[in-house]
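Some notes on the structure that comes next.
Derivation of every value follows stated rules applied to the coordinates shown; laboratory data play no part. For clarity, every value in this text was computed on a predicted model and none was experimentally measured. Glycine gets a Cβ as well: all are built from the backbone with ideal geometry, and neighbour counts include every protein chain shown.
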Amino acid sequence: MLLTDDQKSIQQLARDFAVSEVQPVAKALEQDHSILCQLWKKMADLGFTGIQFPEAYGGLDSDSVSYLLVIEELAKASASVAVTLSVHTTVGILPIFNFGNEAQKQKYLPPLISGEKIAAFGLTEPNAGSDAGSGLTKAEPANGHYVLNGSKIFITNAHIADIFVTTARTNKEKADAKGLSAFILEKGMPGFKVEEADEKLGIQGSDWGTLVFEDVQVAKEHLLGDPEQGFKIFMNSLDAGRISIGAMALGIAEACLADSLKYAKERKQFGQPIANFQAIQFKLADMAVEIEAARHLVYHAARLKDAGRLFSKEASMAKLWASETAMRAANQAVQIFGGYGYTKDFPVERYFRDAKSTELVEGTSQIQRLVIARHLL
């Protein structure tokens, strides 16, 4: 994949950080979430928390490809760290950057881009997963403000975030996505609390929780974009988010291949390294081909975005292929490691658990196929 000199520099910076700072604590992070906050501060100091946003708001003014290179390198070491940054950037900051008025941008973007504050977003509800437009959280106008009631589940960064972008139904007459509006909420608003969520299979080192709104009074200044445009705002952000999850999946798959190659050369059976056996070679070859295809899809979608062209279909294609590639690569890695791959002594079992998340977050594989089909038809 051809990269500019600036992109190569950012890639190397992210790779060095991932290898020296993230990889040594990736396993411990699953048990001790305080490590995530320590890593976050270091990432912020390197500029990773606002890499693709303008210098006017404190960003590095780089492109989407540069940002995705960071996500990819982080995911090789820890998908938990990668998804924390991904959510903060693409579905946390991006809606405010794309749809906020200048007052909102001046208030929220500098502290988020600098990493002083962390962003999260709330769309999924107990009754609204893939059918996200059917959410029941409501925002009723009252005395010059809105009153929010409802909940959001499976929210990455829920406990560590300071700023939340969330949807709520402002038009009770419209039971579908057309009745949703978007709001910017802040931690500590009366009636707004974060509760513990169920334990996760994978990305255990990332934070997540449930958002609960009980008569939360929200000033109209916190309305993001136009009323009843909330679903449009979130779908716009999810397109970018899907490329980001694609890069995360790409990183996981690359880690699977790298570890499998190393192990296959070292592990001896029947008097020779298992890398000498065609059965293993074919697994490695298939992994390498699928990873290369995923890389092209992910960065093609990113370049379309940077060029200001439509990229929704390509984002879904990239996310779909990369996430399923990561799952296949993780499955093959565990198989190559054999019984050892099923233990926590080697990281491939973590890759397996983490890879599954990429087939679910920001739209399942089935939803990606629906999006692609609708573009085709």
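Working from Cα pairs under 8 Å separated by at least six residues, relative contact order for the range 5-113 is 29 percent. Round to a whole angstrom and tell me the spacing of the C-alpha centers of the range 330-352 and the range 211-276. Measuring centre to centre over Cα atoms gives 20 Å. Could you please report the charge total around Ser181, scoring K, R as +1 and D, E as -1 over all other residues with beta-carbon less than 9 angstrom from its beta-carbon? Residues near Ser181 contribute -1 overall. Ordering Gln204, Ala182, Phe164 by Cα displacement along the dipole of the range 119-227 toward the positive end leaves Ala182 in first place; charges were set at the Cβ atoms of Lys, Arg (+1) and Asp, Glu (-1).
So how strong a dipole does the chain carry about its Cα centre when Lys and Arg Cβ are +1 and Asp and Glu Cβ are -1, to the nearest 20 debye?
Around 720 debye, computed over the chain.
For each pair in Lys105/Lys152; Lys27/Lys117; Lys8/Lys193; Lys138/Lys305; Lys42/Lys178; Lys107/Lys305, compute the distance between the two Cα atoms and list the pairs where it is over 30 Å. Checking Cα-Cα distances, Lys8/Lys193; Lys138/Lys305; Lys42/Lys178 exceed 30 Å. In the range 218-260, Rg over Rh equals 1.34, where Rg is the alpha-carbon radius of gyration and Rh the Kirkwood radius from pairwise Cα distances. How many angstrom separate the Cα center of the range 288-323 from the Cα center of the range 165-210? Value for the Cα centre distance between the two parts: 28 Å. Under a Gaussian network description of the chain, with springs only between Cα atoms under 10 Å, the residue in Glu290, Glu72, Glu359 that fluctuates furthest is Glu290. Mean separation of Cα pairs under 8 Å and 6 or more residues apart, divided by the residue count, gives the chain a relative contact order of 16 percent. Taking only the C-alpha atoms of the chain, the Rg (one decimal) and the largest Cα-Cα distance, Dmax (whole number), read 20.8, 80 Å.
Each Cα pair under 8 Å and six or more residues apart adds its sequence gap; the mean of these over the residue count of the range 107-172 is a relative contact order of 41 percent.
Per residue, the convex hull around the alpha carbon atoms of the range 119-227 comes to 97 Å³. Each peptide among 154-160, 302-308, 256-262 gets the average number of other Cβ atoms lying within 10 Å of its residues, and from highest to lowest they stand as 154-160, 256-262, 302-308. Can you give me the Kirkwood hydrodynamic radius for the range 232-376, using every pair of distinct Cα atoms, in Å to one decimal? Computed over the range 232-376, the radius equals 15.8 Å.
Ordering Tyr67, Tyr263, Tyr108 by the number of other Cβ atoms within 10 Å of each residue's own Cβ, fewest first, gives Tyr263, Tyr108, Tyr67. Only lysines eight or more places from Lys262 in sequence, or on another chain, were considered; those with a Cα closer than 18 Å are Lys76, Lys283, Lys344.
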